[in-house]
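Some notes on the structure that comes next.
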Amino acid sequence: MLSELLQGTDIGGFLLIQDSCTYCGRDLLKSFIEAALNREEVVHVLGFDVSEEELKDGLKSSVFQGLHFHNAFADPLGWTDNSHFTVHQFSSSGLAELLKQTAQSKPATLVIDSLSWILRHVTPTAVCHTLQQLKKGGAVKTIIGLLHEDMHSRGIVGSVCRLATSFISVAPGTKADEGLAKITRRSKSGKVMQDEQIFSIRKDLTVTVLSKPTNFGRKQSNTEEQVDPTANLTFNLRLTDSEREAKEKLALPFAFSTEKKTALLHSGPGSGKILYEPDANDDYDQEDPDDDLDV
C-alpha cells in the first residue's frame, strides 16, 4: 500500500505522515516530494521546520524546476519585514494568494513541513477548517503534511488524523535502517483499508518495501497457554457426566409434554360444565340498555 501512495493520491486527497522522536518521518516526506516532481507535478512546500537547503538535500537537481519553497523557517512569526511566509498566513485565502504568485496550468501539490509548528501558534479548529477547505480541490490537488505526534495531545492528533484520506504512522523497525509504516487509507466510498509494512529509504530517497511485520506489535500467538477462569473458584461450575444426565432427565414443572397439553385442552368424557342461573335478588335488567339510541 505504501508503494501505491507514492504513485500519487486522488484529487482532494490529504496524506498525513505522523512521526515521533523515536523515528523521523522527514525522509519519507521528501520521498513523496520527489515522487510528485518525477510525475512533473508542481509542488509547493511550506517550510517551517527546516531550511530550503536542508529540504533539498537528497533531491535530484533535475526536478527543482517544479519545486517552490516558501520560506517560513527564517521568520515564521513575522517579527521582521523580510518574512516570506508566516504562520498567520495559513488560511484558505492566504494560501490561494500564495499559489497565485506562481504561474501554473494545473492544480499543485501542497506540502506542509510541518503541521506541528502551525498547531503551536494557530488554534486546532482554524487549522482543521483550512485543511478541510483545501481538500475540496481548486488550486490544490493533494495535501501532504508532516505531524510530530509527541508534541500534541491525543485530541489534537486525532482531529487532524480524521481529516486525512491516507494516514501513515512511522516507527523504528527491528533494524537500524528500517522503519515500520502503519497505513490507514479511506476510499471515497467510505471503505477503510489498513496495512503494516517494513520499509527502508536509500540515500537517493527511493523507498523499498521489504515485507510485512511478523508478530510486530500484534497479539500474542494462539500457542500461548490459555488462562482458565474457573481454576481458582471456591465453587464448581462444571457438571459431571452423571449430573448432566440427571439434569437432562428432570421434568420441569411448567414444561408440558404433548400428551399433557392435549389432555388439558380437550375435554373428555365425564368433564364438568358450569351453569349459572340468576338469583331473584340479582340486579338483572331484561331491557336493552341501548334501546334509546338511534342506531
**Fill in**
trypsin sites (Lys or Arg not before Pro) in segment 1-79 lying in a DSSP loop, each with at most 15 other Cβ atoms within 10 Å of its Cβ, come to Arg39, Lys60
**Request:** With no solvent and one equal point scatterer per Cα, compute the Debye intensity ratio I(q)/I(0) for segment 68-143 at 0.24, 0.27 Å⁻¹ and report its log10, rounded to two decimals.
**Result:** -1.28, -1.50
**Message:** Running a GNM on the chain with Cα contacts under 10 Å, which residue among Ser83, Ser159, Ser242 ends up with the highest mean-square fluctuation?
**Reply:** Ser242
**Most mobile of Ala36, Ala231, Ala263 in a GNM of the chain (Cα contacts under 10 Å)** = Ala263
**Asked** Which links in Lys136/Lys212; Lys56/Lys203; Lys141/Lys203; Lys100/Lys136 stretch past 24 Å when you go from one Cα to the other?
**Response** Lys136/Lys212; Lys141/Lys203
**Request:** Sort the following peptides by mean Cβ neighbour count (other Cβ atoms within 10 Å, averaged over residues), highest first: 175-181, 234-240.
**Result:** 175-181, 234-240
**Asked** How much space per residue, in cubic angstrom, does the convex hull of the C-alpha atoms of the chain take up?
**Response** 452
**Complete:** Once Lys and Arg are counted +1 and Asp and Glu -1 for all other residues with Cβ under 10 Å from that of Arg185, the total becomes 0
**Message:** I need to check one value: relative contact order of the chain, counting alpha carbon pairs closer than 8 Å and at least 6 residues apart, in percent.
**Reply:** 20
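Read-outs: derived from the displayed coordinates by stated rules, not from any lab. The structure presented is a predicted model; accordingly, all values stated were derived computationally and were not measured. Neighbour counts are summed over all protein chains in view; Cβ atoms, including those assigned to glycine, are modelled from backbone coordinates with ideal geometry.
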